[in-house]
Amino acid sequence: MNNHFLDIIKTRRSCRKYSAEQITDQELAAVLEAGTYAPTSRGLQSPFIVAVQQKELRELLARMNAEVMGVTSNPYYDAPTYILVFAPKDAPNPVQDGSLVLGNMMLAAHALGLGSCWIHREKEMFASPAGQQWMKEWGLPDGLMGIGALSIGYPEPEDRPLKPRKKDYTRIIR
């Protein structure tokens with residue numbers, strides 16, 4: 001079967017090396033829109049998406065994430081855009097809903113020729129007083145938790161071949 005969407009799924013890789021050039025507003029809008037079309041529990045559309053391109057804020061977020069991780073490097077791989085996803089703690093399935101949003105955006109980014117990488121530790125970052133303050137400043141409602149983030153940008157070439165799929169990945173029970 002030859003299907004463009006399946007090819008996108010099969011060829012997407014996590015990007016850990018980005019050009020410093022900022023993505024276009026149109027590319028960002030398309031990636032964000034893809035996130036809004038992710039399926040959510042009960043159709044509630046409970047997640048919130050925040051794109052961060054401001055250099056100073058990206059640097060603060062990177063330091064905060066690195067501190068949680070216990071490293072000094074930039075966990076967002078110096079990408080020019082970070083996309084943060086939040087969901088209400090009391091939503092029926094906040095982690096699943098936010099994860100689907102992140103997955104949709106990763107596939108959309110790849111379809112547009114952008115690189116992306118799922119970044120962790122936003123749960124811990126935004127449970128902190130500083131994280132809570134940022135969410136207020138960004139106009140987000142109370143009671144949210146950080147689900148995850150994406151680093152997004154133009155990928156620099158990396159020699160990373162496709163990892164073969166394990167042989168016993170799936171089961172069909174009939």
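The values are calculated or read from the model by the stated rules, or taken from the named source; none is laboratory data. The structure presented is a predicted model; accordingly, all values stated were derived computationally and were not measured. Every residue, glycine as well, gets a Cβ built from its backbone with ideal geometry; the counts of neighbours run over all protein chains shown. Ligands, DNA and RNA are stripped out before the accessible areas are found, and what is left, the full protein with its side chains, is counted by its heavy atoms. Shrake-Rupley method; radii C 1.70, N 1.55, O 1.52, S 1.80 Å.
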Could you derive backbone 3J(HN,Hα) for the range 26-39 from the dihedral phi with the Karplus parameters 6.51, -1.76 and 1.60 (θ = phi - 60°), listing whole Hz in sequence and x where the residue is Gly or Pro? 5, 5, 4, 4, 5, 5, 4, 4, 4, x, 6, 9, 5, x
Rounded, prolate or oblate for the range 108-174? Axes are the square roots of the Cα gyration tensor eigenvalues, ordered a ≥ b ≥ c, and the cut-off for rounded is a/c under 1.5. oblate
Residue separation between L6 and W118 times 0.36 nm, minus their alpha-carbon distance, gives in nm 38.3 nm
Using only DSSP helix segments of four residues or longer, with each worth -39500 (n - 2.57), what per-residue ellipticity at 222 nm results for the chain after dividing by its residue count and rounding to 500? -11500 deg cm²/dmol
Just to check I understand the Karplus step: with θ = phi - 60° and J = 6.51 cos²θ - 1.76 cosθ + 1.60, what whole-Hz values come out for the range 148-155, glycine and proline as x? x, 8, 10, 8, 9, x, 7, x
Under 5 Å from the placed amide H of Q45, counting only residues 5+ away or on other chains, we find T40
When the Karplus curve 6.51 cos²θ - 1.76 cosθ + 1.60 is applied with θ = phi - 60°, which whole-Hz ³J(HN,Hα) does each residue of the range 104-112 get, with x for Gly and Pro? 4, 5, 5, 5, 5, 4, 4, 4, 8
Net charge near R160: determine it from the other residues with C-beta under 15 Å of the C-beta of R160, scoring Lys and Arg +1 and Asp and Glu -1. +3
Can you sort T36, T170 by 1.4 Å-probe accessible area, starting with the largest? T170, T36
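Can you give the extra length, in nm with one decimal, that the chain gains between E67 and W138 once fully stretched, where that is 0.36 nm per residue apart less the Cα-Cα distance?
Full extension from E67 to W138 adds 23.3 nm.
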Can you list residues from other chains, or at least 5 along the same chain, whose modelled amide H is less than 5 Å from the amide H of G115? G153, Y154
Going by average Cβ neighbours within 10 Å, how do the peptides 62-69, 146-153 rank, with the highest at the top? 146-153, 62-69
Alpha-carbon gyration tensor eigenvalues x 5, square-rooted, for the chain, Å: 26, 21, 16
The answer for L140, listing residues at least 5 apart or on another chain whose modeled amide H is closer than 5 Å to its amide H, is none
